[in-house]
Amino acid sequence: MPTLLALDTATEACSVALLHDGRVLSHYEVIPRLHAQKLLPMIQQIMGEAGIAMGALDAIAFGRGPGAFTGVRIAIGVVQGLAFALDRPVVGVSNLAALAQGAWRRHGQAQVAAAIDARMDEVYWGCYREQAGEMRLCGAEAVLPPHAVRLPADNQEAWYGAGTGWGYADRLAVRPRHFDAAALPHAEDVLALAGFAWARGEAIGAEQAQPVYLRDNVATPKAAPAA
């Protein structure tokens, strides 16, 4: 079994999780705007609790977005720094998928409509179904106004809503049986999804770690004015 470290800073939550010798350790805090100060100490703490050095890691996983621009960049910057220093591969995991995986882990929900508040009157949206313990994407992830979200056409029954995007519940175009608008991604679920990806050989080099914002113009430089 691999030794994997996972971290996530894409939302208000900052979390790390470690798989070592089949045991999972994790730390999770909701600390808006403090991720940059807290993330490395959290990593050091969890490695110390496991009693292993960073060199024991086989790979490092991270929440790649969608989420807050600054938060996603913090995670990728730390992951790339560690992975380059250790010469280890990385695994990027969707934060929407991590939300869905958390709903499966905590509540046994096998069909999850994950939504993260994207600001600007939009939500990041993705629908997932459980397959052998892994929440798998149905269709595509997107950023949409609340009235434009949709459930998969082949099954619109028995869905569970998870994530801050459900704060728009009265305007979302779908009505699940239950939803948790306070749910945030957790590195423990990033870790679980990374374990599936690792087993499939989907780890990549640190230089390939990229954020997924879904909103194309988030980091697009403004064109220079014409002379």
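Per-structure values
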{"item": "Of the criteria (1) without any contact (Cβ under 8 Å) to a residue 60 or more places away in the chain; (2) surrounded by 22 or more Cβ atoms within 10 Å (Cβ to Cβ); (3) under 23 Å from Arg215 (Cα atoms), which one Asp117 fails", "result": "(2)"}
{"item": "Test set (1) closer than 17 Å to Thr11 by Cβ; (2) at pLDDT 95 or above; (3) out of contact with any helix residue (DSSP H, G or I) (no Cβ under 7 Å at 6 or more places or on another chain); (4) outside the structural domain of Pro32 (by TED's automatic domain parsing) - Pro145 fails condition number", "result": "(1)"}
{"item": "Residue satisfying all of: in segment 28-43; touching a residue at least 24 places away in the same chain (Cβ under 8 Å) and in a strand (DSSP E or B); surrounded by the fewest Cβ atoms within 10 Å (Cβ to Cβ) among these", "result": "Val30"}
{"item": "Test: residue in segment 161-170 that is farther than 26 Å from Gly92 by Cβ, of a type in the set (Phe, Trp, Tyr) and in the same structural domain as Gly133 (by TED's automatic domain parsing)", "result": "yes"}
{"item": "Residue in segment 49-59 that is touching a Pro at 6+ places or on another chain (Cβ under 6 Å), part of a loop (DSSP other than H, G, I, E, B) and over 11 Å from Val190 (Cβ atoms) present", "result": "yes"}
{"item": "Residue within segment 149-158 that is outside the structural domain of Leu25 (by TED's automatic domain parsing), of a type outside the set (Phe, Trp, Tyr) and touching a Phe, Trp or Tyr at 6+ places or on another chain (Cβ under 8 Å) present", "result": "yes"}
{"item": "Lone qualifier among Ile74, Ile46 - being closer than 23 Å to Val143 by Cα, among the β-branched types (Val, Ile, Thr) and assigned to a helix (DSSP H, G or I)", "result": "Ile74"}
{"item": "Positions within segment 137-174 being surrounded by 15 or more Cβ atoms within 10 Å (Cβ to Cβ), out of contact with any Ser or Thr (no Cβ under 8 Å at 6 or more places or on another chain) and not in a loop (DSSP other than H, G, I, E, B), in sequence order", "result": "Cys138, Ala142, Val143, Leu144, Pro146, Tyr160, Gly161, Ala162, Gly165, Trp166, Gly167, Tyr168"}
{"item": "Residue identified as of a type in the set (S, T, N, Q) and in contact with a Cys (Cβ under 8 Å, 6 or more places away or on another chain) among Gln111, Gln131", "result": "Gln111"}
{"item": "Candidates Arg23, Arg33 - the one that is out of contact with any strand residue (DSSP E or B) (no Cβ under 9 Å at 6 or more places or on another chain) and either at pLDDT below 95 or polar (S, T, N, Q) (or both)", "result": "Arg33"}
{"item": "Residue count for segment 159-176, restricted to those that are over 23 Å from the mean Cα position of the chain (by Cα) and of a type in the set (A, V, I, L, M, F, W, C)", "result": "1"}
{"item": "Segment 171-188 residues that are aromatic (Phe, Trp, Tyr), paired with ones that are in a loop (DSSP other than H, G, I, E, B) (beta carbon under 8 Å, 6 or more apart)", "result": "Phe179/Ala169"}
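The values are calculated or read from the model by the stated rules, or taken from the named source; none is laboratory data. The model shown is predicted, which means the values in this text are computed figures rather than measured ones. Positions of Cβ are generated from backbone atoms using ideal geometry, with glycine treated the same way; all protein chains shown enter the neighbour counts.
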